[in-house]
Amino acid sequence: MNAPQTSLRAQVSEQEWKLRVELAAVYRLVALYGWDDLVFTHISARIPGPEHHFLINPYGLMFEEITASSLVKIDMDCKPLHPTPYKVNPAGFVIHSAIHEVREDAGCVLHTHTRSGIGVSAQKGGLLPISQQASTIMSSLAYHDYEGIAVRDDEKKRLQNDLGTARFMILRNHGLLTVGRTMAEAFQAMYTLETACQAQLAAQSGGAELIEVGQSVLDTVAHAISVQRTALSSEEVFAALVRKLDRRNPGYDQ
């Protein structure tokens, strides 16, 4: 299965094309950083407008080969809205549709099954405040208990309630999820969460007693994050990542 040779650029709005290019870049960056899981998991992006339409990966393509034109436009029931040679995976969209349904700020929902993410998700204590990365997450971190493979619509309400207004979620015994207004925000959030999980497993592997960041320090983190965002936005970080992608794996914008 290969990405289509015909570009969809002339067939969609400039706004949708821009989103397609950004989302294809995110898929390839996920692959570049080793967060992909063969052809599984999803990253969804909402197309602005009252129709509640979304872009998602064509089921069966590796993340490293996804292009702007191969992305599939779907509705809330994961039904394709344009002719496409690719399949979509409705089962995998249950989690995403649940979040997009109630979170107007969810321009992008990113879900992974990394070894580190699964490892921490299987720990009773979840993510521990033992790293700088974890300390920036704790105030906006939610958990959802494992209910088996997410194929049932009745799980959506529990997902929505568990997530609330959080930006980060650990799906217990399953993996990680982040929500962003933009794809840049969702990717940077996942980078931070994934790094925090990797750091936790590395620290635990040493066998020594761990030092947790105290609540008084955690309370100061929100101000520090606002200062950092003023100095460098997630969009600027994403632009640098795209330049890296252009050097390593170009062609996503086709």
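Values quoted throughout were computed directly from the atomic coordinates according to the rules given, and no laboratory measurement underlies them. On a predicted model such as this, the values are computed, not experimentally measured, just so you know. Counting neighbours? That spans all protein chains shown, and the Cβs are built from the backbone with ideal geometry, glycine included.
Nearest 500 deg cm²/dmol is fine: what mean residue ellipticity at 222 nm does the chain get from its DSSP H runs of n ≥ 4 alone, each adding -39,500 (n - 2.57), divided by its residue count?
Taking each H run of at least 4 residues, the total per residue is -13000 deg cm²/dmol.
Summing +1 for each Lys or Arg and -1 for each Asp or Glu, what net charge is found among the other residues whose Cβ lies under 14 Å from the Cβ of E65?
Taking every Cβ under 14 Å from that of E65, the sum is -1.
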* For H53, list long-range residues whose amide hydrogen, built 1.01 Å from N in the peptide plane, is under 5 Å from its own amide hydrogen. => I47
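Indicate the gyration tensor shape class of the chain (rounded, prolate or oblate), computed on the Cα atoms with a ≥ b ≥ c the square roots of the eigenvalues: a/c under 1.5 is rounded; otherwise a/b larger than b/c is prolate and the rest oblate.
Numbers: a/c = 1.75, a/b = 1.51, b/c = 1.15.
Prolate, because a/c is 1.5 or more and a/b exceeds b/c.
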* Kyte-Doolittle mean at least -1.0, axial Cα span of 15 Å or more - DSSP H helices of the chain -> 14-32, 183-205, 215-231, 234-248
* Structure fact -> Put in order of increasing Cβ neighbours within 10 Å, starting from the fewest, S135, S205, S7, S140 give S205, S7, S140, S135
* To do: Give the cross-link partners of K73 among the lysines, using a straight C-alpha distance below 23 Å as the criterion and excluding same-chain residues fewer than 8 apart.
  => K18, K87, K156
* To do: Would you mind finding the longest exposed-site-free stretch of the chain, with exposed trypsin sites (Lys or Arg not before Pro) meaning DSSP loop and at most 13 other Cβ atoms within 10 Å?
  => 1-123
* To do: Once you have a ≥ b ≥ c as the square roots of the Cα gyration tensor eigenvalues for segment 149-233, tell me rounded if a/c is under 1.5, and otherwise prolate or oblate according to whether a/b is larger than b/c.
  => oblate
* Structure fact -> Of all stretches in the chain that avoid GluC sites (Glu not before Pro) placed in a DSSP loop and having at most 15 other Cβ atoms within 10 Å, the longest is 105-208
* Asked: Hey, if you put +1 on the Cβ of every Lys and Arg and -1 on every Asp and Glu Cβ in segment 9-248, which of S139, M169, V39 ends up farthest toward the positive end of that dipole?
  -> V39
* Structure fact -> Yeah, segment 191-254 with a ≥ b ≥ c from its alpha-carbon gyration tensor (a/c under 1.5 is rounded, else prolate when a/b outruns b/c, oblate otherwise) is oblate
* To do: Any chance you could check the Cα centroid distance between segment 147-202 and segment 40-72 for me, in angstrom?
  => 18
* Could you put S69, S216 in order, starting from the residue whose Cβ has the fewest other Cβ atoms within 10 Å? -> S216, S69
* Asked: Under the Karplus relation 6.51 cos²θ - 1.76 cosθ + 1.60, θ = phi - 60°, what is the ordered set of whole-Hz ³J(HN,Hα) values for segment 72-82, x standing for Gly and Pro?
  -> 9, 8, 10, 9, 5, 9, 6, 8, x, 10, 8
* To do: Report the charge-dipole magnitude of the chain in Debye, nearest 20, computed about the Cα centre from +1 at each Lys and Arg Cβ and -1 at each Asp and Glu Cβ.
  => 340
